Every structure is written in structure tokens, then in C-alpha cells.
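The structure appears below as C-alpha cells.
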Amino acid sequence: AQKITQTQPGMFVQEKEAVTLDCTYDTSDQSYGLFWYKQPSSGEMIFLIYQGSYDEQNATEGRYSLNFQKARKSANLVISASQLGDSAMYFCAMRGWQAGTALIFGKGTTLSVSS
Amino acid sequence: GAGVSQSPRYKVAKRGQDVALRCDPISGHVSLFWYQQALGQGPEFLTYFQNEAQLDKSGLPSDRFFAERPEGSVSTLKIQRTQQEDSAVYLCASSLGTSGAQETQYFGPGTRLLVL
């Protein structure tokens with residue numbers, strides 16, 4: 001069975017600083033995908049970044065990067081130059097390779113950005 | 001184009017009432033998923049459609065929960081005889097359905113259900 005663990009219930013960061021949100025995963029699959037979503041207080045899940053298990057390079061999307069360490073089964077999200085609008089809940093998720101496989105989510109980390 | 005939309009955004013039901021939650025996926029998306037998100041938790045899978053076919057309903061918590069997507073686009077999640085433990089946010093997500101793990105699921109804003 002697949003499992004996602006996010007051990008940080010809450011994180012605090014000041015504007016313009018970088019922050020790392022931790023995510024470890026457990027799976028017996030060889031092929032899988034890892035995702036990060038942002039959920040503001042409005043409730044909508046916003047896709048941020050994707051990393052495939054066979055990707056050799058760490059994924060980057062603007063201020064977001066994914067620090068993927070396959071041997072350690074970790075997929076940490078790094079947000080550079082934090083902004084007040086980054087305050088939200090962040091979820092790490094994974095899914096198998098087969099089409100139609102559902103996402104398995106962690107419990108999330110609440111990020112608070114202060115000025 | 002437009003994103004995934006869900007209605008109603010909020011629903012208050014008395015225990016024992018039936019409710020119906022609607023999801024309009026992104027046009028052309030073959031795959032549609034329903035998730036349930038309890039307060040302070042991550043979403044949990046309920047059911048999956050490929051076009052009109054419900055291929056996986058292993059996450060539905062009881063036979064009071066029923067989902068359909070009769071024409072392969074709009075989907076409805078129905079909960080019969082609602083219980084207080086059904087109170088949660090119900091999220092719908094859609095994806096193209098043409099590729100594997102890298103395929104992104106796009107979520108709607110959710111329906112927040114409160115059962116009194």
C-alpha cells in the first residue's frame with residue numbers, strides 16, 4: 001500500500017525567505033508520480049509541481065522546486081522567496097503509474113508567511 | 001477553458017436527508033475522481049470514472065454513497081440518509097485520462113457538507 005507522511009503540522013516563514021516542506025513516501029511500486037498541491041482557505045486544491053519516479057532531474061516550476069531523493073523516499077517542496085499569498089495548506093500526494101489511479105495524500109502542512 | 005466546477009458550494013442537511021452533489025469537469029477530460037476531505041485531513045479517494053464507466057468505487061464508505069456520470073461529463077455524488085460523520089468537503093477532480101502517473105488531476109472548489 002502507498003503512504004505519504006508529512007511530519008510538519010505547521011511551518012512559519014518570513015516574506016522573501018525560502019522554506020522547505022517535508023514529505024516522505026512509501027510504496028512498493030517501481031513507477032509512480034509525486035505531486036504537491038496548495039489549498040488556500042477558499043478550499044480549492046491548486047496543482048503546484050510534479051516529479052516522476054524515473055525523472056533524474058529535480059522538478060522546478062517558478063518559485064517551487066522539488067527536492068527528490070529516491071533512495072530516501074523523500075520529495076520535499078522548496079518555496080523560494082516566500083510571499084504573503086503563499087500562506088495556505090500544502091499537501092504532498094502520490095499515485096501509481098496506471099491511468100485512473102487515485103492520488104494518495106498526506107495530512108498536509110500549514111504554511112504561514114509573515115511580513 | 002473553464003476549470004472544474006462544483007455545486008452547491010455549501011450544503012446543510014438534517015440527519016437522514018438525501019443530498020446530491022454535482023461536478024462539472026474540464027471539457028474533454030476522460031477521468032473523473034471524487035474525494036472526501038475531513039476537517040484537518042488530506043483528501044481521501046471515493047470513486048473513479050473513465051467516461052461514463054465507474055471503474056473503481058472502492059473508497060465509497062457505505063452503500064449510502066452512490067455516484068454516476070451517465071453521459072461521461074457531469075457527475076453526481078449522492079448520499080442517502082445522511083449521517084453526522086458524512087460532514088466533510090467533497091472534492092471532484094478531472095484529468096485527461098490519456099497518460100499515466102504524470103497526469104495532473106485538476107480539482108474543483110469542493111462542496112462543504114454539514115449534517116446536523
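Calculated from the alpha-carbon coordinates, the protein assembly as shown shows an Rg and a Dmax of 17.6, 52 Å respectively. Of the residues A:Ala75, A:Ala99, A:Ala88, the one that moves most in a GNM of chain A with alpha-carbon contacts below 10 Å is A:Ala99.
Backbone amide hydrogens, once placed in the peptide plane, bring A:Gly108 within less than 5 Å of A:Gln6, A:Cys92, excluding anything fewer than 5 places away on its chain.
Cross-linked pairs A:Lys107/B:Lys11; A:Lys3/B:Lys78; A:Lys73/B:Lys57; B:Lys11/B:Lys57: Cα-Cα separations exceed 26 Å for A:Lys3/B:Lys78; A:Lys73/B:Lys57.
Throughout, read-outs are computed from the coordinates displayed, never taken from laboratory work. Bear in mind that the values here come from a model prediction, so they are computed numbers and not experimental data.
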